[in-house]
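Structure, as C-alpha cells:
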There are 2 protein chains.
Amino acid sequence: MSLDRRRSRVILAAALAAGSHAACDAPRQPATPPPVAAAPAAPSAEPLASWNDGAARRAILDFVARTTRQGGPDFVTPEQRIAVFDNDGTLWAEQPMYVQLAFAIDRVKALAGEHPEWKTTQPFKAILEGDLKTALAGGEEQLMPVIAATHTGITTEEFESIVSEWIGAARHPVTKRLYTEMVYQPMLDLLAHLRGNGYKTFIVSGGGVEFMRPWVERVYGIPPEQVIGSRVKVKYEVRAGLPVLARLPEVDLNADKANKPVGIHQAIGRRPTMAFGNSDGDFEMLEWTTSAKGPRLGVIIHHTDATREWAYDRGSPIGRLQRGLDEREKRGWVVVDMRSDWKVIYSSAPSRRAQNQP
Amino acid sequence: MSLDRRRSRVILAAALAAGSHAACDAPRQPATPPPVAAAPAAPSAEPLASWNDGAARRAILDFVARTTRQGGPDFVTPEQRIAVFDNDGTLWAEQPMYVQLAFAIDRVKALAGEHPEWKTTQPFKAILEGDLKTALAGGEEQLMPVIAATHTGITTEEFESIVSEWIGAARHPVTKRLYTEMVYQPMLDLLAHLRGNGYKTFIVSGGGVEFMRPWVERVYGIPPEQVIGSRVKVKYEVRAGLPVLARLPEVDLNADKANKPVGIHQAIGRRPTMAFGNSDGDFEMLEWTTSAKGPRLGVIIHHTDATREWAYDRGSPIGRLQRGLDEREKRGWVVVDMRSDWKVIYSSAPSRRAQNQP
C-alpha cells in the first residue's frame with residue numbers, strides 16, 4: 001500500500017503532537033483519575049445549568065439573546081445562525097493523546113494477526129510491544145504506514161463499523177471511562193441551548209470526519225451532515241453489483257488551522273456566527289468567524305483544571321494555546337476558564353469499571 | 001495564471017458537452033419561445049399541485065407517506081430523511097447550454113477591457129466575436145484558460161458578488177426569461193412537500209457549488225450548507241489584516257457521475273433516502289441511493305416536452321439519458337414524463353421583456 005507522502009504529511013500533525021507529547025512530561029496531568037463528576041444535569045429550563053454564573057456564561061447567553069431578538073439591532077436570521085465547534089479539547093478530552101491515535105494503536109494490535117511481518121517492521125513492532133516512545137520517535141515518515149494500514153484500504157461502511165465497535169468499548173488510559181463519557185457536560189448544555197435558539201451546530205475538527213460521524217449524533221446530537229473533518233480520498237466502485245466507496249491512502253483535506261475556514265467554506269458556504277475552539281489549531285476558524293460583518297462570537301475553552309481534567313496551554317504539544325491567549329483581548333474573544341466557569345466537566349457518571357479503580 | 005491541466009480536465013466536461021452541442025443540431029428544440037407557463041400555484045393543501053395525477057406523482061406521494069408513517073414497516077426516522085437533487089435539467093432548464101457556460105461567456109465579455117490581449121488570443125477572440133462554434137472547437141485544452149480567467153483568481157466573496165449580480169440580470173437566449181424563472185414549478189412543489197414531511201433537501205450537481213449558493217436559497221429554499229457541487233481549491237490568506245479565501249485555478253472536486261456519491265459522502269456522510277436526476281451524470285447517485293438497505297426511491301426527470309420546454313434523451317450531448325432509461329425497470333426507478341406528468345413547467349410568469357418577445 002503506497003501513501004502519497006507529500007500530501008499526507010499534514011494530517012499526521014495530530015498524531016505527531018501526541019507522539020512528541022508522549023516523549024516529554026505531561027503538563028500538570030493528574031496522577032490519579034479525576035474525581036467522579038456530578039451526574040449529568042437533568043433537562044432544565046435554566047440554560048447552561050452546568051456553568052457557573054461568570055463572565056463567560058453571561059457573554060454567551062447575552063450573545064444568543066441579542067442575536068435572536070427579532071427587531072433588535074443584532075438580530076441574526078434563523079438561516080444565518082451557524083455555530084461551529086472544534087472537537088478534541090473543545091467538546092471532549094484530548095489528553096494524554098488524541099483519541100484517534102489510541103484508535104490507530106488499537107487497530108494495529110487488532111490487525112497484527114494478519115500481518116506477521118509487523119513483528120519485525122517498525123513502527124508496528126514497537127506499537128505491538130507497547131513501546132510508544134520508539135513507535136513515535138521516527139516522526140511523520142515512519143507513522144504513515146500506520147495511518148494507511150489502520151484507516152484506509154477498506155470501504156467507508158467497513159470503516160464505520162470498525163469505529164462504532166471500537167468507540168463502544170475502548171477506555172481512556174487514565175480515567176478508564178469510555179471515551180464518549182469524556183465529553184464535556186457544559187458543552188452539551190451549550191449545544192442544546194444554541195439549538196433551542198435556532199442555531200445549527202457543526203463540528204469542525206482536524207480529526208478524521210469518518211472517525212467522528214459514527215457516534216457524534218448519539219453523543220452530541222450533531223448529525224453526520226454537520227460534521228467537517230480531515231478526510232482521505234474515496235473512490236466509487238461497483239463490486240459484485242453493489243456500489244461501495246473505497247478509502248484510499250491519500251489525504252483529501254487536513255481540516256486544521258488555515259484549512260478549518262476552507263472546510264467551513266466547502267461544507268457550509270457562509271461565515272459562522274459563532275466559533276468555539278481550544279487551541280491555536282482553531283485560531284483561523286475564530287479569526288474567519290469573528291472578522292465578518294455583523295454580530296459574531298469567538299470563544300476559547302481554556303484547560304485550567306488540573307484536578308478534574310488537565311491544565312495546559314502555551315507549552316503543550318497537544319492543544320497548544322498561545323496566539324489565542326495573546327490576541328484574545330484585541331479580538332474580543334471570550335475565554336472560558338474550565339476550573340471556575342464549569343460546575344462539572346464530564347457528561348456522565350463513570351462506569352463501574354472506572355469506579356473500581358483506585 | 002497556470003491551470004492544473006490534468007486535474008482540471010474533468011470539470012470541463014459540462015462546458016464541453018454544451019460546446020459540442022452548439023456545433024450540432026439541437027434536439028427537438030422549440031423554434032419559438034415556449035408558451036407562457038401558468039402562474040405559480042398558490043400555496044395549497046394539495047401536495048404536488050402542479051403535477052398531473054399519474055403513476056409518477058402517485059409513486060412519490062406513496063413513498064413519502066410510507067416513510068413517514070410512524071410504526072409502519074417502511075418508516076424512516078426524521079434524521080435519516082435525506083433527499084438529493086441534481087440541478088441542471090432536474091431543478092431548472094439546461095438547454096441549449098448549461099447556464100454556467102453562459103455565465104463564463106458573459107464574464108469574458110465583461111473582463112475584456114482589462115485584457116486587450118484577448119482580442120488576438122483564442123478562444124477569447126472567438127467568444128468576444130460571438131463565434132461560439134470556433135470558441136468551443138478546440139476542446140478541453142483550449143477552454144481551460146476561460147474557466148481560470150472567469151472563475152478563479154479572486155476571493156470567494158468577490159465571486160459570490162459577481163454571480164449574484166449576473167444571475168439577477170442575465171436572460172435565457174430563447175425564452176428571454178431570467179434563468180431563475182426557468183426553474184421547474186413541479187420540482188418546487190416537490191421540494192416543499194418533502195420538507196413538509198421532514199426531509200432535508202440537498203442539491204448534488206456537477207455545476208460549480210459557488211455558482212449555485214448565491215441564489216438557490218432564495219429560489220429553491222435550499223441553504224448553502226445543503227449544496228454540493230464541483231469546486232476549485234481555495235486558500236486562506238490574511239490581506240491587510242482581514243482574512244479571505246482565494247479561489248485557485250485548480251479543481252478540487254468534479255461532482256459528476258461517480259463523483260456524486262463521493263460528494264454526498266464528503267458532505268452528508270450517509271446514504272440518501274431519495275435521489276432525483278435527469279441524465280446519466282446522475283446514474284451513480286441513483287445507484288448509490290437505491291442500492292442501500294431500507295426504503296429508497298430513485299426518480300428520473302425525462303425531458304419529453306418539445307413544446308413547453310425541450311425534448312431530449314439518448315442522443316443529446318447535454319443531459320444525455322441512456323443507461324438510466326435502459327436500466328430503470330430493473331432498478332425500480334420512477335421516470336417522470338415532463339409532458340404528461342407536469343401541469344406546468346416553469347415556476348413563474350415570464351417577465352415583461354419576455355412577454356414582449358414574438
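The values are calculated or read from the model by the stated rules, or taken from the named source; none is laboratory data. Being a predicted model, the structure only gives us computed values, none of them experimental. Cβ atoms come from the backbone with ideal geometry, glycine included; neighbour counts cover every protein chain shown. Note: areas computed on protein heavy atoms with side chains; ligands, DNA, RNA excluded. Shrake-Rupley method; radii C 1.70, N 1.55, O 1.52, S 1.80 Å.
Report the FRET efficiency, 1/(1 + (r/R0)^6), for B:LEU61 and B:GLN322, where r is their Cβ-Cβ distance and R0 is 45 Å, rounded to 0.05.
Numbers: r = 28 Å, r/R0 = 0.63.
So, using R0 = 45 Å, E works out to roughly 0.95.
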Which residues of the range B:246-281 show a drop of at least 10 Å² in accessible area when all protein chains are present, compared with their chain alone (probe radius 1.4 Å, heavy atoms only, ligands and nucleic acids excluded)? B:ASP252, B:ALA258, B:PRO261, B:VAL262, B:HIS265, B:GLN266, B:ALA267, B:ILE268, B:GLY269, B:ARG270, B:ARG271
Under-5 Å amide H pairs with B:THR155, H placed in peptide plane, nonlocal only: B:ARG247
Short version: ³J(HN,Hα) in whole Hz for each residue of the range B:277-292, in order, from phi by Karplus 6.51 cos²θ - 1.76 cosθ + 1.60 (θ = phi - 60°), x for Gly and Pro, what are they? x, 9, 9, 5, x, 9, 4, 5, 5, 5, 4, 4, 6, 8, 8, 7
For B:VAL204, list long-range residues whose amide hydrogen, built 1.01 Å from N in the peptide plane, is under 5 Å from its own amide hydrogen. B:PHE85, B:ASP86, B:ASN87, B:ILE228
Please report the antiparallel percentage of DSSP beta bridges with both residues in the range B:166-254, rounded to the nearest 5. 75 percent
The answer for the range A:79-235, accessible area per residue at 1.4 Å probe in Å², is 33 Å²
Residue-wise HN-Hα coupling along the range B:332-340, computed from phi with Karplus coefficients 6.51, -1.76, 1.60 (Hz; x: Gly, Pro): x, 7, 8, 10, 8, 8, 4, 5, 9
Between the range A:72-116 and the range A:194-214, what is the separation of their alpha carbon centroids in Å? 9 Å
With point charges of +1 on the Cβ of Lys and Arg and -1 on the Cβ of Asp and Glu, referenced to the Cα centre of the range B:129-171, which listed residue (B:MET144, B:TRP166, B:LEU132) lies farthest in the positive direction of the dipole? B:LEU132
Using a 1.4 Å probe, how large is the accessible area of B:HIS172, given in Å² and rounded to the nearest 10? 10 Å²
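Treat every Asp and Glu Cβ in the range A:103-154 as -1 and every Lys and Arg Cβ as +1, leave all other atoms uncharged, and give the resulting dipole magnitude about the Cα centre to the nearest 20 debye.
Working: 5 positive and 7 negative charges, 21 e Å.
The calculated dipole for the range A:103-154 is roughly 100 debye.
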Rounded to the nearest Å, the spacing of the alpha-carbon centers of the range B:133-169 and the range A:218-266 is 28 Å
Output, in nm with one decimal and in ascending order, the distances from the A:ASP337 label point to the matching label points of the other copies (7 Å from Cα along Cα-to-Cβ). 7.4
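Rank A:ASP131, A:ASP280 by accessible area, highest first, at a 1.4 Å probe radius? Mind showing how you got there, number by number?
Values: A:ASP131 60, A:ASP280 35 Å².
Most to least solvent-accessible, the answer reads A:ASP131, A:ASP280.
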For the range B:221-290, with all protein chains present and a 1.4 Å probe, just round the carbon and sulfur fraction of the accessible area to a whole percent. 54 percent
Can you tally the net charge around B:ILE300? Count Lys and Arg as +1, Asp and Glu as -1, for every other residue whose Cβ sits under 11 Å from the Cβ of B:ILE300. -3
Positive-end residue of B:SER291, B:VAL334, B:PHE211, charge dipole of the range B:205-358 with Cβ unit charges: B:PHE211
Given label points at 7 Å from Cα along Cα→Cβ, what nm distances, shortest first, separate B:GLU141 from the same residue in every other copy? 3.8
With respect to the symmetry axis carrying chain B onto chain A, which residue of chain B exhibits the smallest Cβ distance to that axis, and what is the value in whole Å? B:ALA267, 3
Summed buried accessible surface, chains B and A, 1.4 Å probe, nearest 100 Å²: 3200 Å²
Using a 7 Å Cα-to-Cβ projection, A:ALA112 label spacings across copies, nm, ascending: 7.1
I'd like the Karplus ³J(HN,Hα) series for the range B:229-241: coefficients 6.51, -1.76, 1.60, θ = phi - 60°, whole numbers in Hz, and an x wherever there's a Gly or Pro. x, 5, 8, 8, 5, 10, 10, 7, 9, 9, 10, 6, x
Relative contact order of the range B:175-270, pairs being alpha-carbon contacts under 8 Å that are 6 or more residues apart, as %: 23 percent
Looking at the range A:212-228, which residues lose a minimum of 50 Å² of accessible area between their chain alone and all protein chains in place, measuring with a 1.4 Å probe and not counting ligands or nucleic acids? A:ARG213, A:GLU225
Cross-link reach from A:LYS109 to lysines, straight Cα distance under 26 Å and at least 8 residues apart if same chain, gives A:LYS119, A:LYS125, A:LYS133, A:LYS176, A:LYS233
Interchain or sequence-distant (5+) residues whose placed amide H lies within less than 5 Å of the amide H of B:TRP342 are B:ASN52
